[in-house]
Each structure stands twice: as structure tokens, then as C-alpha cells.
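Here's the structure, in C-alpha cells; my notes come after.
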Amino acid sequence: MDAMESHRASISKDPNSHDSQVYTQLSHAVVRFLGLQSPQDMVEFGMQSAAELIDLVSRFTTNTFTISTPALTPLGACVSPVVALINHSCDPNAVVVFPRAGGESRKHEEPLMQVIALKPISQNEEILTAYIDTTLPRETRQKILRETYHFSCQCTLCVPSLVAPPDMREAMWCPKKCGGVCVLPTEENSLTRCSRCKAPVKDTDAVLDAVRVGEEALHKAEALQFSDPKKAMQLTTKLVPILISAGLVPAAYPLLALSRLGASLSIAHLPSSDPQVEEVFSPEVEGEKMTPELAQEALDDAVRAATRASTGLSQILVEGHPVRGIALAELGKLLSVDEPKPTHVEPKDTTSSPVIPSTSSFVLNPKLRAAPYPPSGPPRLKLAYETLVRARMELMIGFGGGKNEGGEVGKQVRQLAVDIEKELMVWKSGVRNALQDRPKIPVKQ
Ligand SMILES: C[S@@+](CC[C@H](N)C(=O)[O-])C[C@H]1O[C@@H](n2cnc3c(N)ncnc32)[C@H](O)[C@@H]1O
């Protein structure tokens, strides 16, 4: 701990500043935890003064990592002196992950914490990980990095070059729908035009309003997600369409953040497929009995929300980023859930069906938006299979291939894809048999 970087010297002297308050709170927590009554009591724990206590807190906040499950749910914090040597970039070439759930039987098999390369890293090139959520817009990232890590990031995403296309975290579609994008207007700079066809965005006030309202709703929904998930879900459901019609691209802030929150809330609150569990935990929705139709609607809503989140993430994170892989895996799993009320589909050879929309085309290709999404029956199963295969490919990068097998989720997804492939084969052979059993049309002599 002593060898790690401390930022005590740069902590603001203003007691009302954000970092001063955080340090005071954490120092008090340490004092309470250790049961210290007086400064002398600190000696027993290797600290000679209050300044050393602040050093400890600073080293801890600057050098700890979030421990997460193999599906990226945060569990706590840990310190690794070696991994703490790695500097930050908002466009990292490596990630810190915990691919396995661990447990007693696996204790000696492999280290739980791993640093995995996301792209080829040449000799002498610096290994860089991201300390923060890189889906956030530049100013928010810079603020967190300044307040918690005391530096100003100079990575390619933080130092915007004039020739670079707009960052999709802060972009909207061209008002003339040419397929190009414009930088989102801000209070300071409301003049914006399409980077491709140069068409100007006329009603910038409407876009600014939508972003402001969206951001407020996001903060409210984040605060309510555990205490009042229903209200949080209502907020995301209301705001996502407003931001979409204001023209934001799926990766733009706060649309992506709301889509991700909406997806995780709708997955967490899906009616259980087990009728007994269903009876106990969610017998009614909004005072109505949970019918197969309502269950189907809830499942389809969750699929659409997960698709929006996954499409947004794919616009800004590199292929194989663990967050992208997990989002795809969640979408694939949702698509493979048995439909409570599948619409009747005529048997046909699904392998040659031209009407199955891909998951991202639902969000990105306006021509396909008219097609029902998600599809039902075998086309849905085929989409589930394709999504799981893509998820597995990405997880094999982000959580490591070889012995890692794409982590715990990579392994699960592979098994699920194998099972669905078998199901699809049964369908195909069923269709073939049905076609062969058809009464032959007598050929006229
Ligand atoms: C986990 S430590 C990284 C290792 C640290 N550079 C060292 O030598 O011990 C985090 C600290 O490193 C510095 N740091 C990390 N990434 C940086 C970057 N991209 N630019 C400038 N300083 C950075 C900041 O002072 C930050 O608080």
C-alpha cells in the first residue's frame, strides 16, 4: 500500500469540495471500523498521524478495483499492487475482469482477477485499462477522473481532433436522414450540422430540452432502481422514445444509459416461467392477472430494451469489450426464452427466410423497423442462435479464450447455442418431413 500513489497533496483545502467531503467520510469510516479512540491508537495499525490516514484513504480510492461477477455485477473492492500500476485510457487496450465465479473447488485453478488484452499490444506499448465507465460523455468522464484520480485524461477520445467524426456518445442522426450524424448541440454551442451532408439541425432547443429531461429522469431512475423499480422502469419507458424521436443515436448519452437501465430492470422483473414462483412473486401486473399475452408483451419489451442497449454499446465499445459481450449474451438468452404465447407460424424452411431482421437492424435500419420485432417462432430461435454465437465470439476476447473459454458466461452461452442449434435441426427436419408427407399432385397423363 505504501508504494502506491497517494494524492493527499492535491486534495482541495475547501471543506465543502467534493473530494474533501469524500475523504472526510472515508476517514471517519476507517476510524469507526478500527475502533480508534485517539490519534495514538493509530500507531498499532502502522499510521503515525492523521495525514497518514488520509494517505491510506487516497491510496485506496486511487488504486482499488471493483470486484465483479463473471456477468459484471459489482460485488466490492479489491487491491492488486501489480495491476494498480496500469494507467488509464478511455479507449483502453486491456480490461480487468473476473472471468470465473471461483469457489472452493476452483481455488487453485487460476487467478480470479485477470488483465485481458482487447487488441494486439506491441512490445513497449503501454498497457492501459479504463478506470471508469467509458460510455459516459467526455465532460462527465473528465470530471470523475479529476475528482477521484486527480488527472486530466489526454487520450484520443478526450482530446477531440477537428477531423475526427462525431463521437457517438454525443451524436444525433442527420435531420435530413442521409445516414450521417451531427454533434449533439449544447447550451454553449447550439450550431450543429451533419458531418456528411452538412444539413443544419434547426430545432436545437427541442433536442437540448429532450437531453435535459432525459438526464434528470436518468438520475431519478438510478436513485429509485432498488427502492421503487416500477417507478424507475416507468421513467425509462417514458423517456427512451422521447430521446429517440429527438434524433439521438443509440449510443448517445443519456439514451444509452436509460436503455441499459431499462433493459436490466425489465429483465429483473420478467414474470417467471415457473407457475408456482409466478404465483408467489408477481401474481398480478398493474392489478391485472398475468395472462400469457401480458407475459409475452413483457418478454418482448425486455428483448427490445436489451436490443437497444446492445446496439448502443456496439457503436462505441470495441469488438470483444466485456460489457458488449455480456449485453449480447443477455439479449441472446432473452431471445431463447420459451415464448409464453407464440404467434402461430406456418412451418417453413427457416434457413432461407429473408424476413428475419437482425437485432441491430431493429434499431438502425428504418426500413426494417416496420417488420415485427422480435419475431416469433423459429425465426426468433434462429435470431437467438446467431446472437449467442456473436456473444460467445466477443466473450472469448473480453474474458479470454483458451482455458478461460470466454469466462463463466462464455461457457453458458456456448451450451445454450448448442441446445438451440439442436432445436433448430428438429424444426428443419420436421418441416422437411411435413413437406415430404404432402399428398403428391397427380401428374396428368
Ligand atoms: C492506479 S494508479 C496508476 C499507476 C500510477 N501511475 C503509478 O505510477 O503508481 C492511478 C494514478 O495514476 C495516474 N494516472 C493514471 N492514468 C493516467 C493518465 N492517463 N494520465 C495521467 N495520469 C494518470 C493518476 O495520478 C492516477 O490517480
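Observations
- Residue match in the range 171-190 (condition: within 16 Å of the ligand (Cβ to nearest atom) and either part of a helix (DSSP H, G or I) or exposed (fewer than 13 other Cβ atoms within 10 Å of the Cβ) (or both)): no
- Candidates 153, 158, filtered to the one that is in contact with a strand residue (DSSP E or B) (Cβ under 7 Å, 6 or more places away or on another chain) and outside the structural domain of residue 79 (by TED's automatic domain parsing): 153
- Residue tally, condition farther than 19 Å from residue 306 by Cα and in a helix (DSSP H, G or I), over the range 232-249: 0
- Residue ID - nearest to the ligand (Cβ to nearest atom), chosen from residues in the range 139-154 that are closer than 19 Å to residue 93 by Cα and surrounded by 18 or more Cβ atoms within 10 Å (Cβ to Cβ): 153
- Subset of the range 148-179 (residues that are modelled with pLDDT under 95 and in contact with a Phe, Trp or Tyr (Cβ under 9 Å, 6 or more places away or on another chain)): 148, 149, 179
- Members of the range 283-315 found to be surrounded by 17 or more Cβ atoms within 10 Å (Cβ to Cβ) and at pLDDT below 85, listed by number: 290
- A single entry from 54, 67, 11 fulfils the requirement of being under 20 Å from residue 148 (Cα atoms) and in contact with a Leu (Cβ under 8 Å, 6 or more places away or on another chain): 67.
- Qualifying residue in the range 69-81 (condition: within 12 Å of the ligand (Cβ to nearest atom), in contact with a Cys (Cβ under 8 Å, 6 or more places away or on another chain) and in contact (Cβ under 8 Å) with a residue 40 or more places away in the chain): no
- Restricting the range 38-64 to residues that are more than 20 Å from residue 78 (Cα to Cα) and surrounded by 19 or more Cβ atoms within 10 Å (Cβ to Cβ), the residue that is nearest to the ligand (Cβ to nearest atom) is 47.
- The range 391-406: number of residues that are within 19 Å of residue 334 (Cβ to Cβ) and either among the polar types (S, T, N, Q) or surrounded by 22 or more Cβ atoms within 10 Å (Cβ to Cβ) (or both): 5
- Residues satisfying the stated conditions in the range 191-206, i.e. in a loop (DSSP other than H, G, I, E, B), touching a residue at least 24 places away in the same chain (Cβ under 8 Å), of a type outside the set (Gly, Ala, Ser) and within 22 Å of residue 164 (Cα to Cα): 201
- Condition met for residue 240 (in the same structural domain as residue 263 (by TED's automatic domain parsing) and closer than 16 Å to residue 185 by Cβ): no
- Top-ranked residue of the range 126-138 - restricted to ones that are out of contact with any Asp or Glu (no Cβ under 9 Å at 6 or more places or on another chain) and farther than 17 Å from residue 84 by Cα, ranked as surrounded by the most Cβ atoms within 10 Å (Cβ to Cβ): 135
- Scan of the range 322-371 for residues that are at pLDDT 80 or above, over 23 Å from residue 271 (Cβ atoms) and not hydrophobic (A, V, I, L, M, F, W, C), ordered by number: 322, 324, 325
- Count of the range 6-30 residues which are surrounded by 13 or more Cβ atoms within 10 Å (Cβ to Cβ), at pLDDT 85 or above and under 24 Å from residue 81 (Cα atoms): 9
- Scanning the range 4-30 for residues that are of a type outside the set (S, T, N, Q), over 13 Å from residue 61 (Cβ atoms) and assigned to a loop (DSSP other than H, G, I, E, B) yields 13, 14, 15.
- Options 217, 252: the member that is out of contact with any His (no Cβ under 7 Å at 6 or more places or on another chain) and either over 24 Å from residue 134 (Cβ atoms) or part of a loop (DSSP other than H, G, I, E, B) (or both): 252
- Of note, residue 140 does not satisfy the criterion of being without any contact (Cβ under 8 Å) to a residue 40 or more places away in the chain and among the β-branched types (Val, Ile, Thr).
The values are calculated or read from the model by the stated rules, or taken from the named source; none is laboratory data. These numbers come from a predicted model, not from an experiment. Quick reminder, even Gly has a Cβ in these numbers, built from the backbone with ideal geometry, and neighbours come from all protein chains shown.
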